[in-house]
Amino acid sequence: MSARRRRTKGEGSVYEDRTRGRWVAEVYLGSGADGRRVRRKAYAKTEAEAKTALRRLLAEAEQGRPGEKGETVAEYLERWVAEVLPARRVGQGTIDDYAWAVRKHLVPLLGKRRLVAQGLGRNSVRIVRTVLGVALAHAEQRGLVEKNVARLAIIPATAKAKVRPRRSLDPDEVPAFVRAVGGHRLEAMWLCGLALGPRPGELAGLAWAGVDLERGVLSITESRIYEHGEMRLGAPKTQKSARTLKMPGPLTESFRRRRAAWEAEREGAGGRWVENDLVFCTRNGTPLDPANLRATLSRLLERAGLGRLVPYELRHSATSLLSDAKVPIEELADMLGHTTTRMVEDVYRHRVRKVIDVGRSPLEGLPVGDKEGRGTGRVRGSSAVGSDR
């Protein structure tokens, strides 16, 4: 590495780091509170790119951009939540989740102890790691850190699973489920969840304007969203989440019954009715409370001997049952509103049969017996069977 003279505040330099095969743009920003020299760096493949990066660093330093005083990780993360995230095209729910990870875990604990030591569930650890990775990617692009170490982190196998695993109904449980929810004022909601797997927030935000009973299709264009502790309707989770789904015949008929009941409820409420055009609402037209929905579904299914099932697990059940029925995984991803099949494979698809029957056996039709011919026969109609344990 080439030698460099000691720089004064506001000066910058470009040099080649031969040990790592790259060029470095560096700006000196003075001394921090601890007396240490504070620098900002950017890395490039060529000298020309490094010079361009240097001009950017110098311009940011002159404008007093954040980072010139040598931010701590906590200071940077707080600024990232307050300034960078709102400028990105993400929903408020995502911003709230990221802010939770930063303020609840990363700022208080980073550099002191491992997150797992605090008893966080594996999913919470994954969220915190993801947030730190996204934040440090922003810092890495601006030369505030040399490497995004969060991307290299591996979630330990010892991370506790604090919540019970998601479950799916199996094919034998479906008739009991249909009987359990049949006739309930929210029957169409539960049947839609099982048949097409929309998110609970998408069902809660479904408007009659998006339901075509003649064609038997529904369009998901809004979702129930929590923002700053309040519930509102907003855009679906992602651009891919806006989708139109074909309903099976029995589900369309259930929606017809819901429409008739909805009109009767609106007329009966009179001046107390709140016009939201929501398919699934209270008897006054207002949005449903998620906690009440969970309690209602659990009560219906426990009475039917199906155990506890939360609304989101209908999404798991729809995916798993349709996969078992040989629906292609790409079609399942489209149904769920995902851009790839990864979430279907990793999260939503469960094995719903206890006995695995793979069909025709490679032994079928072959002679079976010892070398002397004793017990020789042919395997007929057998298939490989295993136990799903």
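The values are calculated or read from the model by the stated rules, or taken from the named source; none is laboratory data. What you see is a predicted model, and the numbers here were worked out from it, not measured in a lab. Cβ atoms come from the backbone with ideal geometry, glycine included; neighbour counts cover every protein chain shown. To get the accessible areas, we keep the full protein, side chains included, count just its heavy atoms, and leave off ligands, DNA and RNA. Shrake-Rupley method; radii C 1.70, N 1.55, O 1.52, S 1.80 Å.
A few notes on this one:
- Restricting the first member to the stretch 255-270 and to residues that are within 22 Å of Leu194 (Cβ to Cβ), and the second to residues that are in a helix (DSSP H, G or I), the beta-carbon pairs closer than 6 Å and six or more apart or on different chains are Phe255/Ala188; Arg258/Ala188.
- Note on the stretch 232-288: residues that are aliphatic (A, V, I, L, M) and touching a Phe, Trp or Tyr at 6+ places or on another chain (Cβ under 9 Å) amount to 4.
- Here Tyr348 does not fit the description of being surrounded by fewer than 18 Cβ atoms within 10 Å (Cβ to Cβ) and either among the small types (Gly, Ala, Ser) or within 17 Å of the chain's Cα centre (by Cα) (or both).
- Any chance Thr341 is over 18 Å from Val178 (Cα atoms), open to solvent by less than 60 Å² (accessible area, probe 1.4 Å) and out of contact with any Leu (no Cβ under 7 Å at 6 or more places or on another chain): yes
- Checked across the stretch 356-377, the condition of being modelled with pLDDT of 70 or more, part of a strand (DSSP E or B) and open to solvent by 70 Å² or more (accessible area, probe 1.4 Å) holds for at least one residue.
- Taken over the stretch 312-324, residues that are open to solvent by less than 20 Å² (accessible area, probe 1.4 Å), of a type in the set (Gly, Ala, Ser) and farther than 20 Å from Val217 by Cβ amount to 2.
Conditions (1) free of Cβ contacts under 8 Å to residues at least 60 places away in the same chain; (2) crowded, with 21+ Cβ neighbours inside 10 Å; (3) part of a loop (DSSP other than H, G, I, E, B), marked per residue:
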{"position": "Ala291", "(1), (2), (3)": "yes, no, no"}
{"position": "Arg294", "(1), (2), (3)": "yes, no, no"}
{"position": "Leu297", "(1), (2), (3)": "no, yes, no"}
{"position": "Leu300", "(1), (2), (3)": "no, no, no"}
{"position": "Leu306", "(1), (2), (3)": "no, no, yes"}
{"position": "Val310", "(1), (2), (3)": "yes, no, yes"}
{"position": "Lys326", "(1), (2), (3)": "yes, no, yes"}
{"position": "Glu331", "(1), (2), (3)": "yes, no, no"}
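- Scanning the stretch 160-172 for residues that are within 14 Å of Leu314 (Cα to Cα), touching a residue at least 24 places away in the same chain (Cβ under 8 Å) and not in a helix (DSSP H, G or I) yields Arg166, Arg167, Ser168, Leu169, Asp170.
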